[in-house]
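The values are calculated or read from the model by the stated rules, or taken from the named source; none is laboratory data. What you see is a predicted model; the values in this text were computed from it and never measured. As a convention, Cβ positions derive from the backbone with ideal geometry for all residues, glycine included, and neighbour counts pool all protein chains shown. Only protein heavy atoms, including side chains, enter the accessible area calculation; ligands, DNA and RNA are left aside. Shrake-Rupley method; radii C 1.70, N 1.55, O 1.52, S 1.80 Å.
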Amino acid sequence: PDARIPCGPVWLSPERSLHMKIHDSCQTQLKKAFSLAALVLLNLTPNATHASVVGFEDLPLNPNSYWNGSNGGGSFTSGGATFPNSYNSAYDSWVGFAYSNVQDSTTPGWGNQYAARPGTGHNGSANYAIGYQPYDGNFEISLGGSSNFVGRGLQVANTTYVALDMQNGSGFSKKFGGISGTDPDWFRLTVRGLLGSSETGAVDFYLADFRSANSADDYILSSWAFIDLTALGTVDKLRFALTSSDTGSYGMNTPAFFALDSIGSVPEPSSASLLLIAALGFAAVRRARRVTQS
């Protein structure tokens, strides 16, 4: 009895007390390991708590429909950012930006110009924007104030119309790769940052790329892809331009459309990041078991 150690209302033997100290030490090690894992994850997704993401879900739409400016609005605003639109009622045509929730990843042709190739918005969301380039080759959005894009970017995709045109060819544009499959075709989106009237930088992203010597590397983007805009720094506007290897007498033959979503987002944790977190947790558990057994 004299050797027992008080622990609140319970009396513990020295052996039991030592076991509890080891257990508490193991719990501390586990907490440290998982705290480290969380810190690693935060470092891999910089500025995650400060990102203001424009995802277009604040824009009302009936299911499987779109807004193309036919009401004469001239622009639309989402998440504080303004997207220009110019609609021509005589030809039922538009340039600039529209927004959509059309889910059609299979129908080819101009009649399906409002559908993103992935079939939904980024991460399965409903709404996304469609950009259609004007003839002058540039169109831009205003962010409603300066925004730091270090560690941030946006999600882009092909539209169904453009992706199937590049895949199969049409009466206006060629099949990418040509008959032999070896033509070095490409379709590129360039994003430029502006702060006031000054350009802060530019980032190129290939929506389709057949330039590799290894044809297995050729691709036409069919999913959403993240573009890191860190190189642009702090901007108040984003300017977009589409170019293609397929050009003719009247300019670019590839239809000048792309899909846009999640502006201001951060990179999603990669599978490697998740594996690292799992490995840290597993190592902590093994360490705790060894200490307890000893």
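Quick notes on this structure:
- In this structure, residue 53 and residue 199 have a Cβ-Cβ separation that, at R0 = 22 Å, corresponds to a calculated FRET efficiency of about 0.40.
- Square roots of five times the Cα gyration tensor eigenvalues for the stretch 146-208, Å: 32, 12, 11
- Over all other residues within a Cβ to Cβ distance under 11 Å of residue 157, the charged ones net out to 0, with Lys and Arg as +1 and Asp and Glu as -1.
- The residue list 158, 180, 213 was ranked by how far each Cα lies along the charge dipole of the stretch 137-233 toward its positive end, using unit charges on Cβ atoms, and 158 comes out on top.
- Taking max minus min of the alpha-carbon positions on each principal axis, the stretch 96-205 gives extents of 45, 32, 27 Å, largest first.
- The average projected area of the stretch 110-153, computed from the convex hull of its Cα atoms over all directions, is 5.2 nm².
- Amide H within-cut-off set for residue 183, under 5 Å, with H built and near neighbours excluded: 177, 178
- The packing ranking, built from the mean of other Cβ atoms within 10 Å per residue, places the peptides 104-114, 119-129 in the order 119-129, 104-114, highest first.
- Taking a ≥ b ≥ c as the square roots of the eigenvalues of the alpha carbon gyration tensor, the stretch 52-153 is oblate, as a/c is not under 1.5 and a/b does not beat b/c.
- Charge tally in the Cβ shell below 15 Å around residue 63, where Lys, Arg are +1 and Asp, Glu are -1, residue 63 excluded: -2
- From most to least packed by mean Cβ count within 10 Å, the peptides 245-251, 72-78, 202-208 give 202-208, 72-78, 245-251.
- Accessible area per residue for the stretch 147-197 is 38 Å², calculated with a 1.4 Å probe on protein heavy atoms, without ligands, DNA or RNA.
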